[in-house]
Amino acid sequence: MKITILNENIVGQKNNKVCLAEWGLSAFIQINKINILFDTGQTNVYWQNAKQLKINLNSANFVVLSHYHWDHTGGLRYHNFKEKKKLIIHPLILEKLPEYESIKIKNDFHILPSEKSLEFSKNIFYLGEIPRENNFESGMYKNDTMLDDSALAIKTKNGVIVISGCSHSGICNICEYAKKITGQKLYAVLGGFHLFENNQKAVKGTIKYFQAEKPKYLYPMHCVDFPTLSLFHSVFKIVKISTGDSITL
């Protein structure tokens, strides 16, 4: 399984001469001959970077959106897919996006909306609505309950791999639901964790959670501020993954 980061807030050192970056997230996932585009950043940067990295986005079998926010969905306005792709989303996304974006998405994609977890390919799950179970993650963004905020869970022989967009529903809530849906322990967790220094309740609760769960791989990125990344490095010895970087699991 290979995950290539097509866009993250900054460019990684390896491909800093060929890739661009913007605030947001986009990843290309290749597993068992299935290709998934997960989120698209805010502009066409993800598409440009894919070209520079010699990734053919037209080979994607599925497109998945983690939630409706502009820094994860905006890139769909600039896609160059030659055929209609299967788009997996929470139905609220189409209601929350500006009307012209919703219309374009409806016209350009075969939409597979789901509020519940969905195994859309063998051992690959879109989690749908995430139950809010713990007392340290807010499970919302500002005044929005963010029921559309979801993630991917992939079953492997070593455990479940969780890939999140922004984790407004809480990265620990997401992981617990992924464990429940797949029946597996955590193997790897990566993506936006939405953790910031000014919310120590969430930061400390999340660190304590991962200390107990002990996933082999942990890659917080995108919506995690520098003090929190530094803390994760101190506790877990994480490697920061950025635009142009790839992970093989």
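A few remarks follow.
- Residue match in segment 205-224 (condition: surrounded by fewer than 24 Cβ atoms within 10 Å (Cβ to Cβ), charged (D, E, K, R) and under 15 Å from Asn135 (Cα atoms)): yes
- Looking at segment 140-249, the strands (runs of 3 or more DSSP E) lying wholly inside it that each contain 2 or more residues that are touching a residue at least 24 places away in the same chain (Cβ under 8 Å) and in contact with a helix residue (DSSP H, G or I) (Cβ under 7 Å, 6 or more places away or on another chain) sit at 151-156, 159-164, 186-192, 217-221.
- Within segment 149-171, one or more residues are touching a Gly at 6+ places or on another chain (Cβ under 6 Å), among the β-branched types (Val, Ile, Thr) and within 22 Å of Ile238 (Cα to Cα).
- Selection of segment 117-142 for residues being farther than 21 Å from Lys157 by Cβ and more than 17 Å from the chain's Cα centre (by Cα) yields Pro131, Arg132, Glu133, Asn134, Asn135, Phe136, Glu137, Ser138, Lys142.
- Filtered residues of segment 187-204 (kept if of a type in the set (A, V, I, L, M, F, W, C) and either within 11 Å of the chain's Cα centre (by Cα) or under 17 Å from Tyr219 (Cβ atoms) (or both)): Ala188, Val189, Leu190, Phe193, Leu195, Val203
- Yes/no for Gly128 being in contact with an Asp or Glu (Cβ under 8 Å, 6 or more places away or on another chain) and modelled with pLDDT of 95 or more: yes
- Criterion (within 30 Å of Gly139 (Cα to Cα), of a type in the set (S, T, N, Q) and touching a residue at least 40 places away in the same chain (Cβ under 8 Å)) met by exactly one of Asn32, Asn9, Asn16: Asn9
- Test set (1) part of a helix (DSSP H, G or I); (2) closer than 23 Å to Gly159 by Cβ - Ile103 fails condition number: (2)
The values are calculated or read from the model by the stated rules, or taken from the named source; none is laboratory data. This is a predicted model, so every value here is computed, not measured. In this analysis, Cβ positions are derived from the backbone assuming ideal geometry, glycine residues included, and neighbour counts consider all displayed protein chains.
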